[in-house]
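Notes follow once the structure below has been shown.
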Amino acid sequence: MINTPDYALTDEARVRELIAEHGWATLVSHTAEGLVASHVPVLLEDGPELTVVSHVGRPDDALHGLGSGEVLLVVEGPYGYVSPGWYGTSPAVPTWNYLAVHLHGTPELLDAEDTYRVLSDTTYRYEAPMPHPIGLPDVAEYAHRIAPGAAGFRLRVTRWQGKAKLSQDKPREVAERVVAHLEQPVGEADHPYSNPALAREMRAEMARQDADVAPRDAATARQDAEVLP
């Protein structure tokens with residue numbers, strides 16, 4: 001990950017929100033045969049520890065050697081291209097804005113019952129917004145028949161690194177122009193890189209910056225008042 005302090009995502013609450021909202025991840029293992037990667041849905045578990053559950057289709061559990069060593073789980077939030085033409089300044093070069101978190105830990109393989117629970121919870125998580133949700137109980141016979149083809153696992157995160165690259169290094173007026181372009185209606189010919197989700201994250205980041213500056217400004221004013229004659 002880019003090692004720029006301005007982009008560091010250090011608030012675990014934000015990491016949890018990212019995982020809960022964008023639960024499609026890349027699982028990477030370093031095995032004796034080399035690197036192995038799979039793409040998996042993840043669910044954030046409740047509790048004080050940062051923990052996720054997921055599942056892979058067999059034989060990916062064996063290919064990854066799940067349970068035998070540390071893995072990397074990459075969760076991405078909104079990301080997108082930022083054109084230098086949006087800055088209104090020159091010179092400028094293109095870039096990408098994004099949110100991502102790298103989770104490290106050693107997976108714990110789940111038994112058949114807990115794996116089925118993960119499958120059921122995952123289905124419920126994504127079916128819930130549908131007008132007519134379909135859960136595993138609605139297709140119980142079929143679900144139980146194919147469930148053995150999945151291997152569930154729990155990852156208790158031992159360390160993590162997050163980045164939120166959202167134009168924090170740019171003057172506010174430049175960041176505002178980038179947001180305005182990202183907010184254009186998707187599909188507009190003049191705005192092929194419209195990205196409302198990324199725009200919302202940028203606006204939220206600017207609001208956090210404003211909230212952080214306000215207390216410092218108030219503290220500075222109090223200090224100035226204390227030294228005035």
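Worth pointing out:
- Search result, residues across segment 177-194 that are in a loop (DSSP other than H, G, I, E, B), open to solvent by less than 40 Å² (accessible area, probe 1.4 Å) and within 15 Å of Thr95 (Cα to Cα): Ser194
- Count - residues of segment 148-177 that are at positive phi and out of contact with any strand residue (DSSP E or B) (no Cβ under 7 Å at 6 or more places or on another chain): 0
- Test: residue in segment 73-82 that is surrounded by 16 or more Cβ atoms within 10 Å (Cβ to Cβ), free of Cβ contacts under 8 Å to residues at least 40 places away in the same chain and small (Gly, Ala, Ser): no
- Among the residues of segment 25-72, the ones that are of a type in the set (S, T, N, Q) and either in contact with a Phe, Trp or Tyr (Cβ under 6 Å, 6 or more places away or on another chain) or buried (at least 19 other Cβ atoms within 10 Å of the Cβ) (or both) come to 2 in all.
- Taken over segment 124-167, the criterion of being of a type outside the set (A, V, I, L, M, F, W, C) and within 30 Å of Tyr87 (Cα to Cα) is satisfied by Gln161, Gly162, Lys163, Lys165, Ser167.
- Taken together, the criteria place Gly152 among residues that are touching a residue at least 40 places away in the same chain (Cβ under 8 Å), within 15 Å of Gly23 (Cβ to Cβ) and in contact with a Ser or Thr (Cβ under 6 Å, 6 or more places away or on another chain).
- Every residue from segment 162-176 that is surrounded by fewer than 17 Cβ atoms within 10 Å (Cβ to Cβ) and not β-branched (Val, Ile, Thr): Asp169, Pro171, Arg172, Glu173, Glu176
- Selection of first residues in segment 48-70 that are part of a loop (DSSP other than H, G, I, E, B) and of second residues that are among the small types (Gly, Ala, Ser) and open to solvent by 80 Å² or more (accessible area, probe 1.4 Å), restricted to Cβ pairs under 9 Å at least 6 apart or on distinct chains, gives the following pairs, ordered by first then second residue: Gly65/Ala32.
- Test: Ala197 is hydrophobic (A, V, I, L, M, F, W, C), out of contact with any helix residue (DSSP H, G or I) (no Cβ under 8 Å at 6 or more places or on another chain) and open to solvent by 40 Å² or more (accessible area, probe 1.4 Å): no
- Odd one out for Arg159, checked against (1) under 17 Å from the mean Cα position of the chain (by Cα); (2) open to solvent by 50 Å² or more (accessible area, probe 1.4 Å); (3) touching a residue at least 60 places away in the same chain (Cβ under 8 Å); (4) over 23 Å from Asn195 (Cα atoms): (3)
- For segment 99-125, a residue qualifies if it is over 17 Å from the mean Cα position of the chain (by Cα), part of a helix (DSSP H, G or I) and of a type outside the set (A, V, I, L, M, F, W, C), and the qualifying residues are Glu113, Asp114, Thr115, Tyr116, Arg117, Ser120, Asp121, Thr123, Tyr124.
- Inter-residue pairs, beta-carbon under 9 Å, first of a type in the set (Lys, Arg) and in segment 107-131, second part of a loop (DSSP other than H, G, I, E, B), 6+ apart: Arg117/Leu110; Arg125/Gly23
The values are calculated or read from the model by the stated rules, or taken from the named source; none is laboratory data. In this text the structure is predicted, and so the values were computed from the model without any measurement. In this analysis, Cβ positions are derived from the backbone assuming ideal geometry, glycine residues included, and neighbour counts consider all displayed protein chains. The accessibility values were calculated without ligands, DNA or RNA, using every heavy atom of the protein model including side chains. Shrake-Rupley method; radii C 1.70, N 1.55, O 1.52, S 1.80 Å.
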